[in-house]
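Data block below; observations after.
The values are calculated or read from the model by the stated rules, or taken from the named source; none is laboratory data. All values derive from a computational prediction rather than experimental measurement. Reconstructed Cβ throughout: ideal geometry from the backbone, glycine too, with neighbour counts over all protein chains shown.
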Amino acid sequence: MPKLSYKQRAELSKNPTARRLFGIMEEKETNLCVAVDVTTKKELLELAEAVAPSICVLKTRTDTINDFDEDLIIRLQRLSEKHNFLLFEDHTFADIGIAVRHQYQDGIYHIADWADIINAHPIVGPGVIEGLKEIGLRKGRGLLLLAQMTTKDNLISSEYTAEAVRMAEGHTDFAIGFISNGNVSNNPQFIHFTPGVHINREADRLGQQYQSPEEAIKQGADIIIVGRGITKSHDPQAAANRYQEIAWEAANNF
Ligand code: 6AU
């Protein structure tokens with residue numbers, strides 16, 4: 001089957017966030033998501049500003065920010081509007097429907113009010129999607145299911161991955177894709193986000209495993225998630241630009 005363009009895939013999608021994302025990828029010529037895993041507002045905003053021109057998505061984890069406040073959200077939203085990228089809050093929801101509903105909507109992070117994309121573990125069963133969807137659907141948000149993980153000796157089997165895909169198929173208005181190590185579904189509506197990407201393919205000491213950007217794209221990634229390969233570089237802006245170019249070229253040559 002010939003590869004569909006982002007525009008064609010956007011037309012197939014039932015979710016406004018997925019459609020916007022395909023549009024941003026096409027317009028900015030990028031399939032890079034940067035994971036900014038830091039602990040202060042200053043670091044997060046400085047890194048976000050540096051990588052902004054190169055990304056389609058910024059992945060945050062605001063509950064690790066020691067001085068988190070409302071102002072951080074306002075500034076992230078301003079940056080995302082100025083540089084045309086989406087905000088993905090990686091809270092990795094993994095509890096019963098009613099619990100994740102509150103985690104998504106309430107508390108000091110009130111994620112549903114500002115994050116375009118969220119993620120959840122399908123281990124819970126469809127209730128996790130249903131709970132989040134009650135809040136997110138009317139706001140036009142998108143959900144990614146963790147269908148695979150990058151960590152050494154993780155417990156996810158191929159059957160589990162296939163079930164995760166089946167669960168997403170039942171909710172294509174809200175579930176826009178997967179966190180996975182490559183392609184897990186041939187449905188062109190789904191967007192595959194692949195973490196564990198590093199140019200040097202180094203490992204860390206806590207079980208993280210890496211593939212190169214080219215390998216990730218070859219495996220079927222639509223978007224690569226890069227953290228420390230960029231954020232720990234001496235020049236994050238230049239590093240983001242490099243990853244953007246490598247991944248974009250790889251995506252357009254396969
Ligand atoms: O490039 P790194 O290793 O510095 O960062 C990888 C980022 C981190 C992880 O939380 C995330 O990708 N990640 C995820 C998720 C949920 O995105 C799943 C996974 O299996 N492996 C992984 O590294 O922010």
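One line per residue, one yes/no per condition, for (1) closer than 22 Å to H121 by Cβ; (2) in contact with a Phe, Trp or Tyr (Cβ under 9 Å, 6 or more places away or on another chain):
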position	(1), (2)
G177	yes, yes
G182	yes, no
P188	no, no
Y210	yes, no
P213	no, yes
T231	no, no
D235	no, no
A250	no, no
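Just one of the numbered conditions (1) touching a helix residue (DSSP H, G or I) at 6+ places or on another chain (Cβ under 8 Å); (2) away from the ligand (no atom under 16 Å from the Cβ) is not true of I118: (2). Considering only residues in the stretch 183-227 that are β-branched (V, I, T) and assigned to a loop (DSSP other than H, G, I, E, B), the one that is farthest from the ligand (Cβ to nearest atom) turns out to be V184.
Taking the numbered list (1) more than 16 Å from the chain's Cα centre (by Cα); (2) closer than 25 Å to V36 by Cβ; (3) in contact (Cβ under 8 Å) with a residue 24 or more places away in the chain in turn, L146 passes all entries but (1). Of H102, H83, H91, all but one fail to be over 20 Å from L58 (Cβ atoms) and modelled with pLDDT of 95 or more; the exception is H102. Mind listing whichever residues of the stretch 189-214 are more than 24 Å from R242 (Cβ to Cβ) and buried (at least 18 other Cβ atoms within 10 Å of the Cβ)? Answer for the stretch 189-214, where residues must be more than 24 Å from R242 (Cβ to Cβ) and buried (at least 18 other Cβ atoms within 10 Å of the Cβ): Q189, F190.
Of the residues contained in the stretch 26-41, none is found to be among the hydrophobic types (A, V, I, L, M, F, W, C), in contact with a strand residue (DSSP E or B) (Cβ under 8 Å, 6 or more places away or on another chain), closer than 16 Å to Y243 by Cα and in a helix (DSSP H, G or I). Kindly indicate whether L137 is closer than 21 Å to I224 by Cα and either touching a strand residue (DSSP E or B) at 6+ places or on another chain (Cβ under 6 Å) or in contact (Cβ under 8 Å) with a residue 12 or more places away in the chain (or both). No, not satisfied.
Suppose the filter is in contact with a Leu (Cβ under 7 Å, 6 or more places away or on another chain) and buried (at least 18 other Cβ atoms within 10 Å of the Cβ); does A240 pass it? Yes, satisfied. On the stretch given as the stretch 51-93, residues that are of a type in the set (D, E, K, R) and assigned to a loop (DSSP other than H, G, I, E, B) total 3.
Among the residues of the stretch 155-180, those that are within 24 Å of I217 (Cβ to Cβ), in contact (Cβ under 8 Å) with a residue 12 or more places away in the chain and outside any helix (DSSP H, G or I) comprise T172, A175, I176, G177, F178, I179, S180. Summed over the stretch 230-246, residues that are outside any helix (DSSP H, G or I) and either in contact with a strand residue (DSSP E or B) (Cβ under 9 Å, 6 or more places away or on another chain) or not charged (D, E, K, R) (or both) total 2.
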